[in-house]
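Q: One structure, as structure tokens, below. Some questions next.
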Amino acid sequence: MEERVCANCFRPLGPGNFCAYCGYDNSIDIAEDAAPLRRFSRLRGNRYIIGRVLGIGGFGITYVAQDTFAMDRRIAIKEYYPSGIARRDIWTQQISFGNYGNEYNIGLRRFEREANMLAMLRGGRAASVVQVYEFFYENGTGYMVMEYIEGHSLKELARARGGRIPYDEAYYILKELLKALETVHSEGVLHRDISPENIIIQPDGRLRLIDFGAARTAQSTGLTGNMIMLKPGFAPPEQYDAAGNQGPWTDIYSLAATMYFMLTGKAPVSALEREAEAANQKMRTGMQQIKASLADVLEEAMALSPDDRY
């Protein structure tokens with residue numbers, strides 16, 4: 001009989017489902033309609049062993065995995081899997097996309113470009129950005145191999161703090177994020193999905209910016225398609241338009257929205273709703289619990305018109 005191992009840390013699993021090493025409950029599963037790879041599937045020949053699902057987004061599924069060619073280190077693997085388009089054969093694990101071939105392939109090319117962009121941002125000034133090791137095709141889709149980052153998301157941290165994060169701590173987080181963004185923007189890359197879910201606080205207090213699934217270069221890529229990726233409340237108006245004027249100011253809006261979330265415990269009103277004065281006033285009311293000078297800064301950083309932002 002093959003030895004049972006934990007789907008989170010890949011150490012031997014004793015009787016029952018709780019891992020004695022990491023405490024993970026191996027009985028936890030996710031909704032069947034998400035159609036992830038089977039646990040302990042192998043990719044790239046026998047190199048990568050798939051473990052539990054770390055997260056599911058509109059355009060991908062991220063897993064913890066084991067790299068058997070690198071001292072069995074834990075890594076993260078993100079699979080391109082656009083919801084509503086992709087379907088997985090449960091026996092072969094191959095991906096199909098029905099009549100959405102054009103949309104699927106456009107997204108897959110963007111996904112590969114994301115991996116290539118992040119691979120260029122290794123180390124040095126990019127230490128706050130998740131590191132990508134390689135990209136490959138398999139099962140009719142693409143896979144991005146990344147470092148596995150221990151820690152909790154900013155959203156989880158806020159929940160643990162009772163919903164809001166104290167100003168001094170929030171200000172430190174903001175400064176670290178600005179440093180990470182400066183590096184990303186200097187390479188001509190936009191993140192386009194900054195939010196509390198995509199910021200990880202590591203056990204030593206360091207910040208890491210993850211999930212560049214919506215990233216693109218600031219210049220035209222020659223790719224077309226109507227696939228719009230955003231998080232309401234954290235995305236500026238130009239992201240709701242596939243032809244919107246996007247640039248570093250787009251990430252500045254999302255960064256300010258994240259600061260608003262940290263200090264108020266609530267996501268801002270969505271940019272589309274804010275075009276109505278009543279909704280915009282609702283956001284200003286939420287800012288009353290923020291120091292006036294900082295509220296002015298956040299309001300300018302979240303101006304509806306890109307020309308009015310920093």
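The values are calculated or read from the model by the stated rules, or taken from the named source; none is laboratory data. Note that this is a predicted model, so its numbers are computed, not measured. Cβ atoms come from the backbone with ideal geometry, glycine included; neighbour counts cover every protein chain shown. Protein only, heavy atoms only, side chains kept; ligands, DNA and RNA dropped before computing areas. Shrake-Rupley method; radii C 1.70, N 1.55, O 1.52, S 1.80 Å.
Q: Which condition number does Gln66 fail, the rest of (1) assigned to a strand (DSSP E or B); (2) modelled with pLDDT under 95 being met?
A: With respect to (1) assigned to a strand (DSSP E or B); (2) modelled with pLDDT under 95, Gln66 is out only on (2).
Q: Residues that are at pLDDT below 90, closer than 30 Å to Arg113 by Cβ and over 19 Å from the mean Cα position of the chain (by Cα): does segment 297-304 have at least one?
A: no
Q: Which of the residues that make up segment 47-61 are within 17 Å of Thr141 (Cα to Cα), touching a residue at least 40 places away in the same chain (Cβ under 8 Å) and either among the hydroxyl-bearing types (Ser, Thr, Tyr) or open to solvent by less than 10 Å² (accessible area, probe 1.4 Å) (or both)?
A: Tyr48, Gly60
Q: If I ask for residues that are outside any helix (DSSP H, G or I) and within 19 Å of Glu187 (Cβ to Cβ), which ones from segment 97-115 would you list?
A: none
Q: Just to check your reading of the model, which residue among Glu32, Glu79 is modelled with pLDDT of 90 or more, within 30 Å of Arg4 (Cβ to Cβ) and acidic (Asp, Glu)?
A: The match here is Glu79.
Q: I would also like to ask the following. State whether one or more residues within segment 145-154 are modelled with pLDDT under 90 and within 28 Å of Ser293 (Cβ to Cβ).
A: no
Q: Mind checking which residues of segment 147-184 are touching a strand residue (DSSP E or B) at 6+ places or on another chain (Cβ under 8 Å) and open to solvent by 20 Å² or more (accessible area, probe 1.4 Å)?
A: Glu147, Tyr148, Ile149, Gly151, His152, Leu157, Ala160, Glu176 - these are the residues of segment 147-184 that are touching a strand residue (DSSP E or B) at 6+ places or on another chain (Cβ under 8 Å) and open to solvent by 20 Å² or more (accessible area, probe 1.4 Å).
Q: Go through segment 186-208 and give me each residue that's of a type in the set (Gly, Ala, Ser), open to solvent by 10 Å² or more (accessible area, probe 1.4 Å), part of a loop (DSSP other than H, G, I, E, B) and under 19 Å from Pro248 (Cβ atoms).
A: Scanning segment 186-208 gives a single hit, Gly188.
Q: Okay, next question. Those residues that are in a loop (DSSP other than H, G, I, E, B), farther than 22 Å from Ala7 by Cβ, touching a residue at least 60 places away in the same chain (Cβ under 8 Å) and within 20 Å of the chain's Cα centre (by Cα), I need them from segment 128-169; list them, please.
A: Ser128
Condition check ((1) within 23 Å of Gly247 (Cα to Cα); (2) without any contact (Cβ under 8 Å) to a residue 60 or more places away in the chain; (3) aliphatic (A, V, I, L, M); (4) loosely packed, with under 15 Cβ neighbours inside 10 Å) across all residues:
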{"site": "Gln281", "(1), (2), (3), (4)": "no, yes, no, yes"}
{"site": "Ala292", "(1), (2), (3), (4)": "no, yes, yes, yes"}
{"site": "Glu300", "(1), (2), (3), (4)": "yes, yes, no, yes"}
{"site": "Leu304", "(1), (2), (3), (4)": "yes, no, yes, no"}
{"site": "Tyr310", "(1), (2), (3), (4)": "yes, no, no, yes"}
